[in-house]
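Let me begin by presenting the structure, written as structure tokens, before commenting on it.
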Amino acid sequence: MKLILGSSSKYRKDLMEKAGYVFEVLIPELDEKEIIENDPYKRPLLLARAKANVLISKINEPALLITSDAVAVCNGKLREKPESEEEARKFLREYSAGVAPEGVTAIVIFNTATGVYYEGVAKAQVFWNPFSESVIENFIKIGDPLGRAGGFGVQHPILRPYVKKIEGNEESIVGMPIHLLKELLTKAGYHV
């Protein structure tokens, strides 16, 4: 059965390609700010479902539609993509000072042939060693913090040396936990 990734994220696309999946890409048109959920741990699943629901009518053949959403949670509060470089600086300074953000990623798979949803959520937390203002400025220049939930990238070569430890699966922070994707695809009847 055909796989379709419903995402505009280059990171998700890259992770799935590296894992060996062959798929098409559809980009959901959705104003994520319209989806209100006070519990930051529930928000990614609501958004992943909403992305799937926006795309279902555009698929006219048997397929497994994969949508996902990731957020960062710090001290129990939602931390989305920074809205400015100044906000990115603030987030990065907090991480350097010991704040340990959690990556929370939801995956939804919709089988267009059966109408069945398969979904799950994966979490991981990253702990940082202190890093300098020059590291922060360098990451802001070339690390795309405004395109990342929480404004950080654990795999980016600028920040990677400062990762002290990760509790949980690192892919849960990056935005496409392949272990969870494989599990859900298997439940949906897909085998490589």
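The values are calculated or read from the model by the stated rules, or taken from the named source; none is laboratory data. Since we're looking at a predicted model, the values are computed, not measured. Using ideal geometry, Cβ is built from the backbone for each residue, glycine included, and neighbour counts are taken over all protein chains shown.
The table below lists the values:
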quantity: Subset of region 138-177 [in contact with a helix residue (DSSP H, G or I) (Cβ under 8 Å, 6 or more places away or on another chain), more than 21 Å from Ala48 (Cα to Cα) and part of a helix (DSSP H, G or I)]; calculated: Phe139, Ile140, Pro145, Tyr162
quantity: Region 124-167: number of residues that are surrounded by fewer than 16 Cβ atoms within 10 Å (Cβ to Cβ), within 18 Å of Arg79 (Cβ to Cβ) and either touching a strand residue (DSSP E or B) at 6+ places or on another chain (Cβ under 6 Å) or of a type in the set (Phe, Trp, Tyr) (or both); calculated: 2
quantity: Test: Glu94 is among the charged types (D, E, K, R) and at pLDDT below 95; calculated: no
quantity: Members of region 8-54 found to be in contact with a Ser or Thr (Cβ under 6 Å, 6 or more places away or on another chain) and in a loop (DSSP other than H, G, I, E, B), listed by number; calculated: Ile27
quantity: Region 41-75, subset of a type in the set (Lys, Arg) and surrounded by fewer than 16 Cβ atoms within 10 Å (Cβ to Cβ), residue nearest to Val154 (Cα to Cα); calculated: Lys42
quantity: Counted residues, region 133-192 - those being closer than 23 Å to Glu17 by Cα and of a type in the set (Lys, Arg); calculated: 4
quantity: Per-region count, region 51-73, residues in contact with a helix residue (DSSP H, G or I) (Cβ under 8 Å, 6 or more places away or on another chain) and small (Gly, Ala, Ser); calculated: 3
quantity: Residue pairs meeting the criteria (Cβ under 6 Å; at least 6 apart or on separate chains; first at pLDDT 90 or above, in region 34-56; second assigned to a helix (DSSP H, G or I)); calculated: Leu47/Glu32
quantity: Candidates Glu171, Glu102, filtered to the one that is under 30 Å from Pro62 (Cβ atoms), surrounded by 14 or more Cβ atoms within 10 Å (Cβ to Cβ) and among the acidic types (Asp, Glu); calculated: Glu171
quantity: Residues located in region 76-98, provided they are surrounded by fewer than 16 Cβ atoms within 10 Å (Cβ to Cβ) and without any contact (Cβ under 8 Å) to a residue 60 or more places away in the chain; calculated: Gly76, Lys77, Glu86, Lys90, Arg93, Ala97, Gly98
quantity: Filtered residues of region 58-102 (kept if within 16 Å of the chain's Cα centre (by Cα) and in a loop (DSSP other than H, G, I, E, B)); calculated: Glu80, Lys81, Pro82, Pro101
